[in-house]
Amino acid sequence: MLATHNLTIRFGGHVAVNGVTCAFAPGTLTAIVGPNGAGKTTYFNLISGQLKASAGSVQLGGQDLTTLSPSARTRAGLGRAFQLTNLFPNLSVLENVRLAVQAKQGGPHRRGLNLWSIWSDHRHLTERAESILRSVALFERRDTPVASLPHGDQRKLEVALLMALEPQVYMFDEPTAGMSHDEAPVILNLIRELKKDKTKIILLVEHKMDVVRELADRIIVLTNGTLVADGAPAEVIASPVVQEAYLGISKDADKDAEKEAA
């Protein structure tokens, strides 16, 4: 279980995330939605450690992560796509994923898997990396320098690195942003595959409501940094608070439209 309790951050007099208490269970994909400036990405940053909370806590499996660095939270099981992941632009696609696989399998205290050791001595690491690259449709580009990859392929590679780390929690912040219509389905299909593992927790910030409807088991809604709705997708999307906060549709507007129609 991943949980935040009274999670809050203030920037001067502005409260960007205001006392959010929420728990996320394994086997569930939760979409976090809300209007621009609602605090969605800031909430993500507080969970992953990119920002330090003004108050409240973050826990994973009973372990308090609140004071840990982003890298320590990654080792504890939090995986943040497109934010924590760093690509090595001068290395090949395969070498990037192989480093992540080696970091995961070697562990912080295990000897015999030096980060820069000869790759041929660890064929199983290469095989694991190649398997991941096949799953993200990058196997054919495994020898390509990362710096020469188009934006869409770099996003796929970042997901591959996240998969190599085998986190307990997958955090996707607008995973298809900047991708072409043809590229986006690859990322969405990857998330669908990850959902099949019921031991994992998946959090998704996404503006595209068709994606949210298709992938989410649950939706929470933030407005002005405050949690205002939480529940099943159909129920939350249809609720008045979401219609007004996310879609800009108010009850008064509906009544005015009815009067005009009459």
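FYI, it's all coordinate maths here, none of it is from the lab. If you're wondering where the values come from, they're calculated on a predicted model, not measured in any experiment. In this analysis, Cβ positions are derived from the backbone assuming ideal geometry, glycine residues included, and neighbour counts consider all displayed protein chains.
So here's what we get for this one:
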quantity	calculated
Exceeding the 19 Å Cα-Cα cut-off - candidates LYS40/LYS208; LYS104/LYS200; LYS52/LYS200	LYS52/LYS200
Cα-only Debye scattering, region 114-233: base-10 log of I(q)/I(0) at q = 0.09, 0.15 Å⁻¹	-0.32, -0.78
Charge context of ARG213, other residues only, Cβ under 15 angstrom, K/R +1, D/E -1	-1
Efficiency of FRET from Cβ geometry, ARG134 and GLU214, R₀ 25 Å, rounded to 0.05	0.55
